[in-house]
Structure formats: C-alpha cells, structure tokens
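Notes to accompany the following structure.
Since every read-out is calculated from the coordinates, none of them should be taken as a lab result. Note that the coordinates shown come from a computational prediction; the quantities given were computed from them, not determined experimentally.
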Amino acid sequence: MQYVNGCATGDVDLTKKAFHKDAVMYGYLNGELSAGSIENLYAAIRALGASREAKSEIDVMEVIRTAATVRVVLENWHGLSFTDFHSLVKIDGRWTIVVKIFHQ
C-alpha cells in the first residue's frame, strides 16, 4: 500500500518505504523500454505529483517463506494504467520490493 498510496498522493518518501534502496524496474512505457533504477519511478512521481483519481488492486500471487510475488493494477494514474509484478524479499522481518516489472 505504501507504493500505491505514494503514487496517488505524490509522496516519494512514502513510496520509497516500499522499495529496497537498490531496487530496479523494467517495462514498456508508451511503447519504449524503460529500464534501470527505481529512482526513475521516484523522478516520475516528483514530476507528475498527486493523482487522486488513481485506483488500485493488489493480488498476492505467491509467498514462499521469504520470497513473494505481487500483482498491482494501477488505473488512471495521470491518465495511464499499469499492471505491475513486484518481487519481494523479507528482510529483517519486513517485506521489501526489489524488482518492479510493469506493462502499460
């Protein structure tokens, strides 16, 4: 929820709480490959700001002890819709997103 709430409110600091500091993301944005550091997401949130119209749906796909996969559907974030697949690792008892793969 830190990820989707951070996107909706434009709060980069809240979004950062969901991700590992070395997280990466890959996917296609407007038909072009977007790849690299999660800092790219933070830059987009900073540039675009809040999107109160955004709606989200989160499904836990699988959890095996300290590893998990989650699907996040984010609709109408600044007029764009995304399906994300997040890979999480439990570090020091806390789930942390380490990889974000998305489709727009």
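Within the range 65-104, the ratio Rg/Rh, alpha carbon atoms throughout and Rh by Kirkwood, equals 1.10.
Only alpha carbons enter this Debye calculation for the chain, each as an equal point scatterer, and the log10 of I(q)/I(0) it gives at q = 0.10, 0.15, 0.16, 0.20 Å⁻¹ is -0.24, -0.57, -0.65, -1.05. Stretching Thr9 away from Leu29 to a fully extended chain increases their span by 5.1 nm, per 0.36 nm per residue minus the current alpha-carbon distance. Helix 39-48 and the longest principal axis of the Cα set of the chain meet at an angle near 30°.
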